[in-house]
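Asker: What follows is a single structure, and I will ask about it in a moment.
Derivation of every value follows stated rules applied to the coordinates shown; laboratory data play no part. Treat the numbers as computed from the prediction; the structure is a model and nothing was measured. Cβ atoms come from the backbone with ideal geometry, glycine included; neighbour counts cover every protein chain shown.
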Amino acid sequence: MIKAIRIHETGGPEVMKLEDVDLPDPAPGFAQIRHTAIGLNFIDTYHRSGLYPVPLPSGLGLEAAGVVEAIGEGVTEVRIGDRVAYGSGPLGAYAQAQNCFAAGLIKLPDTIKDDEAAALMMKGLTVRYLFKETFKLKKGDTTLFHAAAGGVGLVACQWAKALGVTLIGTVSSEEKAEMARAHGCEHVINYSTENVVERVLDITNGAKVPVVYDGVGKDTFEISLDCLAPRGLLASFGNASGPVSGVDLSILAGKGSLYVTRPTMMHYMMTPEERDAATNDLFDVVARGVVKVDINQRYALADAAQSHIDLKARKTTGATIIEP
């Protein structure tokens, strides 16, 4: 028996229950991972609320690190005792252990600690595909990144600086503004007191930006479009404020023949070669100190519901770890 967070219905954080769960031996092709650290991500709240439907009852969480304790028949990718992590499932990381498809596990180098991996796999790989695949940033580019003091945002600030990219970041408070600046964000806009579009126009001398990375969603959608130069791209990669819906596509023409994409990590890591390239890039920037992981909150597994409350209220900064 292991302890795991389960939901039997969708809703608010109160539907999350800590339960005793039977964990069977791993099936052929699977490995059993004893978790040492679990990552918290906004997508977890979408599964819990029903925004992204999942079969019920269900576990929660897509990101964790740990040690291989058992392997199923035919597994060659990992061995018992290996340190591994995963950042895109299977669903159910909010648990002391889980059986995972062995081919989807990432072996951790000695340069990466378990809690760093659990805090960074999804966030770091998200920044990697956004910056290197969705829109290939190059030295001298300027971009707007919403929620620059969040877990993904702080990684983005550091990675952009290393690429020679000018990152304009939005935040909700002066405390978060200072945090974004400390991580390499060149221009910070406090949307609680400043007009984002006016500030972007001022910073870019009226040129606006070629790409906006928006993980907030509904509340920032039109703001993001208004910050784009003609033929610019909005990469809407999250729904922290709710999903964007009811969009009239003619608005894209009126604002400059704009492009909008809704990317997700799984489509940038569809082959072993793509996955290896992405994870090697991520581990390289961490090993070189280009990207450092800020774990600013830790919660016990039993307090996972509180982590969702704090995340939704935007009380968290950087990365959050749930400790099994």
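Asker: Considering only DSSP beta bridges with both partners in the chain, what is the antiparallel share in %, to the nearest 5?
Answerer: 55
Asker: Residues of segment 109-128 with amide nitrogen under 13 Å from the 7 Å Cα-to-Cβ point of D82?
Answerer: Zone members listed by number: 109.
Asker: To the nearest 0.05, what FRET efficiency results for A207 and V290 with a Förster distance of 30 Å applied to their C-beta separation?
Answerer: Values: r = 28 Å, r/R0 = 0.92.
Efficiency at R0 = 30 Å is approximately 0.60.
Asker: Let me ask you something else. In the chain, which cysteines lack any other cysteine Cβ under 4.7 Å from their own?
Answerer: C100, C227
Asker: Here is a follow-up. With a sphere of radius 14 Å drawn around the Cβ of A118, what net charge do the other residues whose Cβ falls strictly inside it have (Lys, Arg +1; Asp, Glu -1)?
Answerer: Local charge sum for A118: -2.
Asker: Among the lysines in segment 179-324, how many pairs, 8 or more places apart or on different chains, have alpha carbons under 29 Å apart? Show your work: numbers first, answer last.
Answerer: Working: K208/K218; K208/K255; K218/K255; K218/K312; K218/K315; K292/K312; K292/K315.
Eligible lysine pairs with Cα atoms under 29 Å apart amount to 7.
Asker: Would you work out which of L252, P263, T111 lies farthest towards the positive end of the dipole of the chain, given +1 charges on the beta-carbon of Lys and Arg and -1 on that of Asp and Glu, about the Cα centre?
Answerer: The residue sitting farthest along the positive end of the dipole is L252.
Asker: Check every DSSP H run in the chain and write down those whose alpha carbon atoms cover 15 angstrom or more along the long axis and whose mean Kyte-Doolittle hydropathy is 1.0 or greater.
Answerer: 151-163
Asker: Using helices alone, what [θ] at 222 nm do you get for the chain, with -39,500 (n - 2.57) per DSSP H run of 4 or more residues, divided over all residues and rounded to the nearest 500? If you can, show how the numbers build up before the last one.
Answerer: Numbers: 9 runs with 90 residues, N = 324.
Roughly -8000 deg cm²/dmol at 222 nm, from the helical runs in the chain.
Asker: How big is the charge dipole of the chain about its Cα centre, in debye rounded to the nearest 20, if each Lys and Arg gets +1 on its Cβ and each Asp and Glu gets -1 on its Cβ?
Answerer: My answer is approximately 660 debye.
Asker: Sticking with this structure for a sec: Would you mind computing, in nm to one decimal, how far apart the modelled labels at E19 and N190 are, each placed 7 Å from Cα along Cα→Cβ?
Answerer: Each label point lies 7 Å from its Cα, and together they span 4.5 nm.
Asker: Note down, for segment 227-324, the three equivalent ellipsoid semi-axes (square root of 5 times each alpha carbon gyration tensor eigenvalue), biggest first, whole angstrom.
Answerer: Details: eigenvalues 197, 104, 38 Å².
They are 31, 23, 14 Å, listed largest first.
Asker: Compute the distance from the alpha-carbon center of segment 185-227 to that of segment 10-71, in whole Å.
Answerer: 35
Asker: Taking 25 Å as R0, compute the FRET efficiency from the Cβ-Cβ separation of E73 and N280 and round it to 0.05. Working shown, then result.
Answerer: On the way: r = 29 Å, r/R0 = 1.16.
Efficiency for this residue pair is about 0.30.
Asker: On a full-extension model of 0.36 nm per residue, what is the gain between S257 and A302, subtracting their alpha-carbon distance, rounded to one decimal in nm?
Answerer: Full-extension gain reported as 11.3 nm.
Asker: Related question: Among 207-217, 267-277, 286-296, what's the highest-first ranking by average C-beta atoms within 10 angstrom per residue?
Answerer: The packing order, highest mean first, is 207-217, 286-296, 267-277.
Asker: Between I309 and T271, what FRET efficiency follows from the Cβ-Cβ distance if R0 is 35 Å, with the result rounded to 0.05? Don't skip to the answer; put the middle values down first.
Answerer: Details: r = 38 Å, r/R0 = 1.09.
It comes to 0.40.
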